[in-house]
Amino acid sequence: ILSEEVPQDALLLPWKDTGVYLITGGAGGLGLLFAGEIARRTRPATIILVGRSPLVGERLERVSDIQARFPQATIEYRQVDVTHEETVTELVQWIRRTFGNLHGIIHGAGVLRDNFLLKKSLDELHTVLAPKVVGLVNLDQASRECDLDYLVLCSSGSAAEGNAGQADYAAAN
């Protein structure tokens, strides 16, 4: 944790003014934390949040709150399943056409299906592994012609510590 005595301009931030950032799992807790931090620290930035589900209810309210607090940021939400290669490619092409470039990707998409590994079906395993693993491959392929500053992969403590009923999720992370 940084001391409050560190001057703001002394921090080396991974995002930049006028940057364009894609956050998968973007309407989840971690995705919204990243979105808020990018919006707070840049003048202006474009943040594309991606999720499998429609943006409704509390998640819509949280995105609207970030946009209201940081009106200089452009925040877009796209309903995209990162496990679908063609859809991810179309998304990255749309970003490049609309905003000119893509500077960073934060891959936070993930699915939990708690159950002991011996009791999991192949479909359950695939459902948990796909967003992290297949999603990463699809994002990497779709962004291969972008001059990315970074591609951040979000993990979980279960990857290092383990968690009963989450062996597949730990492996995906």
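The values are calculated or read from the model by the stated rules, or taken from the named source; none is laboratory data. Bear in mind the structure is a predicted one, so any value in this text is a computation, not a measurement. No Cβ is skipped: glycine too gets one built from the backbone with ideal geometry, and neighbour counts run over all protein chains shown. Ligands, DNA and RNA are excluded from the accessible area calculation, which covers all protein heavy atoms including side chains. Shrake-Rupley method; radii C 1.70, N 1.55, O 1.52, S 1.80 Å.
Table for the structure above
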| item | result |
| --- | --- |
| Charge context of GLY25, other residues only, Cβ under 13 angstrom, K/R +1, D/E -1 | +3 |
| In region 57-154, the chymotrypsin sites (Phe, Trp or Tyr not before Pro) that fall in loop regions by DSSP, at most 11 other Cβ within 10 Å | PHE116 |
| Accessible surface of HIS84 - all protein chains present, 1.4 Å probe, nearest 10 Å² | 100 |
| Accessible-area order (highest first, 1.4 angstrom probe) of the listed residues LYS132, LYS16, LYS119 | LYS119, LYS16, LYS132 |
| With all protein chains modelled, accessible area of ARG41 [1.4 Å, Å²] | 60 |
| Gain upon complete extension [GLU61, SER121; 0.36 nm per residue less C-alpha separation] | 18.1 nm |
| Cβ-derived FRET efficiency at R0 22 Å, ASP149 paired with HIS84, nearest 0.05 | 0.30 |
| Nearest-0.05 FRET efficiency for THR98 and GLN72, computed from C-beta distance (R0 22 Å) | 0.80 |
